[in-house]
Every structure is written in C-alpha cells, then in structure tokens.
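These notes are about the structure you will find just below.
Throughout, read-outs are computed from the coordinates displayed, never taken from laboratory work. Since the structure is predicted, the reported quantities are computational estimates derived from the model, not experimental observations. When we count neighbours, we look across all protein chains shown, and the Cβ atoms used for this are built from the backbone with ideal geometry, even at glycine.
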Amino acid sequence: MHEQETKRANESRTLMTQLIFPLDTNHYDTMFGGKLMEYMDKVAAIAAMRHARKRVVTASTDSLDFLAPIRIGDVIEVEAFVSWTSRSSMEIYVSVTREHLYSGEREVTVTAFFTFVGLDEQGKPAPVPAVVPETEFERQLYDNAPERHALRKKRKQDRLGN
C-alpha cells in the first residue's frame with residue numbers, strides 16, 4: 001500500500017505566525033474567513049510537501065469550524081502536520097490559535113482537515129510515505145482517520161452521482 005519509507009508526523013509540522021492588520025479584516029473588524037483559509041491551505045501544502053518531498057495538490061477540505069473570532073491586533077499561529085496517509089493521499093490536520101498579545105490569552109479559533117495528493121513528474125497521483133504518529137493526539141487523529149477518509153470518499157461519490 002505504501003512505499004517502504006515512513007515518516008514521523010512531527011517531521012511535517014509547519015507553523016506560520018501572522019499579526020492581523022485592518023486589511024485582513026471585514027467590516028466587523030474580524031479576520032476575513034477566506035484570508036484565513038488561504039493561510040491554512042498554504043501551511044497544509046507545506047506540511048504535505050515536507051512529508052512527500054514531491055509536488056502536491058489540494059484534493060479536499062473538510063468542514064472548517066470557526067470557533068472564535070480573530071480581531072485586529074491578534075496574532076495567529078497556523079499549524080499543520082500530516083495526520084494520516086493512504087496510497088497517494090495525505091490527511092493534514094490544521095489548527096489556528098489566536099493570541100491577544102497584551103493579555104497573553106490564547107485560544108484555538110479554527111480546526112480543519114485538508115487532503116492533499118502527491119504527484120509524480122507527469123502530474124499523476126504518486127505513492128507517499130506512511131506516517132507514524134507519536135503523541136497521544138497524533139495517535140487519536142491517526143486512529144480515527146480511516147472513518148474520515150471513508151466519509152470523504154462517500155461525499156465525493158454522492159456529488160458525482162455514483
């Protein structure tokens with residue numbers, strides 16, 4: 001199913017830190033959801049490329065759950081790592097934590113799963129290394145991933161009318 005190679009989930013861990021400015025926000029002075037999704041997709045892509053060491057494309061994004069607003073002056077940390085792999089696809093767990101710099105208050109504001117596919121030189125799906133979870137949280141994500149994978153496949157089939 002997988003190439004012989006395996007990689008630890010931590011090897012793909014990617015972190016982006018951003019200060020939120022007025023141009024990043026909407027008329028409610030909270031961060032544009034689309035801008036945040038762009039950051040999440042970029043960080044997830046980097047994590048996928050670190051894992052596969054090849055070109056990748058976004059295949060899907062599971063529900064983005066916006067748990068709390070991000071405001072002007074907040075700092076966000078967008079973190080991603082490969083949580084599970086199939087033959088050529090990789091599930092990437094992405095979380096966004098906001099920090100109020102004056103109080104030091106931190107909270108997770110968004111979580112999501114992105115799926116990326118590794119590509120060969122011809123742009124066709126190519127095998128990716130298996131991922132090895134090490135922490136309890138990584139193991140929990142890994143153990144539940146086959147169920148999420150099956151739901152993604154069903155959702156795709158339902159949309160294609162198969």
Loop-resident GluC sites (Glu not before Pro) in the stretch 63-127 with no more than 13 other Cβ atoms inside 10 Å, DSSP not H/G/I/E/B, are Glu105, Glu121
In whole angstrom, largest first, the equivalent ellipsoid semi-axes that the Cα gyration tensor gives for the stretch 83-137 are 32, 14, 8
Give the order of Phe113, Phe21, Phe32 when sorted by the count of other beta carbons within 10 angstrom, beginning with the fewest. Phe21, Phe32, Phe113
Obtain the nm distance between the two label points defined at Leu23 and Arg159 by a simple spin-label model: each point lies 7 Å from its Cα along the Cα-to-C-beta direction. 3.2 nm
If you filter the stretch 87-140 for trypsin sites (Lys or Arg not before Pro), then keep DSSP loop positions with at most 16 other Cβ within 10 Å, what is left? Arg87
Rough spin-label spacing in nm, given labels placed 7 Å along Cα→Cβ, for Met37 and Gln122: 3.3 nm
Ranking Ile72, Ile92, Ile20, Ile46 by Cβ neighbours within 10 Å, fewest first, what do you get? Ile72, Ile46, Ile20, Ile92
Where does the charge balance sit around Asp74 when Lys and Arg score +1, Asp and Glu -1, over other residues with C-beta under 11 Å from its C-beta? -3
Neighbour-count ranking for His51, His27, His100, His149 (other C-beta within 10 angstrom, fewest to most) reads His27, His100, His149, His51
